[in-house]
Amino acid sequence: MKILLTGFTSLHWGRMEFGNIGNYYIIEPLLDELNATFSDADIYTTCQFSNEFIDRTGVKTLPLNYYYDWSDSCIKNAKDELKIAYEYLNTGNIIGSSPYIEFLLNTDLVIDFSGDMWGENSTLFGKDRLEVGLIKDRVAQIFAKKTAMIAGSPGPFSESFELLDFAKEVYSNFDIVTNRENLSKNLLKDSGFDISKTVSLTCPAFLFKPSSYKPKLSNGPNIGYVLCGWNFTNGSYDTENRPESDYAVFVESIKYILNTIEDSTVYLMSHSNAFPIPPKEFELQHGRDYDTMVKLEQIMIKLGYEDRVVLIKEVHDAWDTKAFIGNFDMLISGRIHAAVAALSQSVPTVIINYGNGPVPHKLAGFAEVANVSELIASPHDVNDLIDKIDHCWDNLKLYKIMLNEIIPGIKERAKKNITLLKTIL
């Protein structure tokens, strides 16, 4: 059996596991479950991994340009492939080919793993990103035996979106779709998508296993704080050199924690990593979020909180990062997969919504999955953020009990993203 896992694209230069931590939380357990469920299958992917990862998992990588590589030729090549596919669908004749089509002809199952990139928000992350993805899906549906889209948060789509009808055509032709939360299913239903083959489950990131790393923390309550560029209400996710005023809501919330939770320490954490672009020698480095946390630390020091605010300066890989998060008493997180890392270890978590950029329905969807919808806080309103922090802390023990009860079930539902694929084969 031959499986192609595609859809998810990130320019990681063969080192995906050392880039975006949240993405890796998802992909490792997903591939582990694929290997366990289809033990005799050959699994190929357009995701780019290190040789060590390939050796451990047995996955085989294909060139990034089989799917999407940010080049100007992406959309032209995809449209050429679509013409070939429709000619085959209408006449049974194959009038041309491409490396992608040649691969599909001998493939049993094609899996689209686009996460939240299967919607019009994806246009923010690459020219023609969604249209190329839709075409690749449709070509796979025509040439491959079975197709699925799994563990995603597809949408949203506006009524005026020019690719809406094509997206509906592609979606209806998947043999199965599994979502990471029910909200995206409802959004697609409201937009007129055929959701008859859609099953709402949970994110594979809940299955990611931490290392045994034990950080040295204070004796008092230890509260983690994670931010990213999306949480700011001014600028965009990649705005640099922000003024201190942009941090006001977050600063006030930290001051509130330190002034009301006795003997507490707030740990400022970056939940993103990076590395030098090859051929430079590999070195795990801090990602974009780290500069944000450095600036936040500087502000808190100026305000006299240097003894109770700690910036985590060490660079931790995905496994140690999740282990670190698991040792907090509470987390405030603007990164949804940092929140998943905490919630999956029964650490009560306040989720800071986005303040700029795309509508992040996955945040609300994930919070609903973990039964913590009331803990989503707006970065536009300091009182709302403080109220959510206050509520979480006041009910800390109850949240821990609740999470201990529901997390095993959430993990079992995450596994079904893969095991349900057996029903279409």
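The values are calculated or read from the model by the stated rules, or taken from the named source; none is laboratory data. Everything quoted here is computed from the prediction, not taken from an experiment. Using ideal geometry, Cβ is built from the backbone for each residue, glycine included, and neighbour counts are taken over all protein chains shown.
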| query | Among the candidates G304, G355, which residue alone is surrounded by fewer than 17 Cβ atoms within 10 Å (Cβ to Cβ), assigned to a loop (DSSP other than H, G, I, E, B) and either assigned by TED's automatic domain parsing to the domain that holds I261 or among the aliphatic types (A, V, I, L, M) (or both)? | reply | G304
| said: Can you tell me which of (1) buried (at least 17 other Cβ atoms within 10 Å of the Cβ); (2) out of contact with any Gly (no Cβ under 8 Å at 6 or more places or on another chain); (3) of a type outside the set (S, T, N, Q); (4) not assigned by TED's automatic domain parsing to the domain that holds I84 is the one D175 doesn't meet? | reply: (4)
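Restricting to the stretch 42-80, give me the number of residues that are part of a loop (DSSP other than H, G, I, E, B), hydrophobic (A, V, I, L, M, F, W, C) and crowded, with 16+ Cβ neighbours inside 10 Å.
Filtering the stretch 42-80 for residues part of a loop (DSSP other than H, G, I, E, B) gives 46-50, 58-59, 62-63, 67-73.
Those left that are additionally hydrophobic (A, V, I, L, M, F, W, C): 47, 49, 59, 62, 70.
After this cut, where a residue has to be crowded, with 16+ Cβ neighbours inside 10 Å as well, the list is 47, 49, 59, 62.
Number satisfying all stated conditions: 4.
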| said: For the structure I just gave you, tell me whether L163 is of a type in the set (A, V, I, L, M), farther than 21 Å from G115 by Cβ and more than 23 Å from the chain's Cα centre (by Cα). | reply: no
| message | I'm told W230 meets every condition in (1) aromatic (F, W, Y); (2) more than 20 Å from G287 (Cα to Cα); (3) under 21 Å from the mean Cα position of the chain (by Cα) except one. Can you identify the failing condition by its number? | response | (2)
| said: Return the residues of the stretch 307-322 that are part of a helix (DSSP H, G or I), crowded, with 19+ Cβ neighbours inside 10 Å and not hydrophobic (A, V, I, L, M, F, W, C); say none if nothing qualifies. | reply: T321, K322
| the stretch 262-301, subset of a type in the set (V, I, T) and either within 19 Å of M16 (Cα to Cα) or out of contact with any strand residue (DSSP E or B) (no Cβ under 7 Å at 6 or more places or on another chain) (or both), residue surrounded by the most Cβ atoms within 10 Å (Cβ to Cβ) | T292
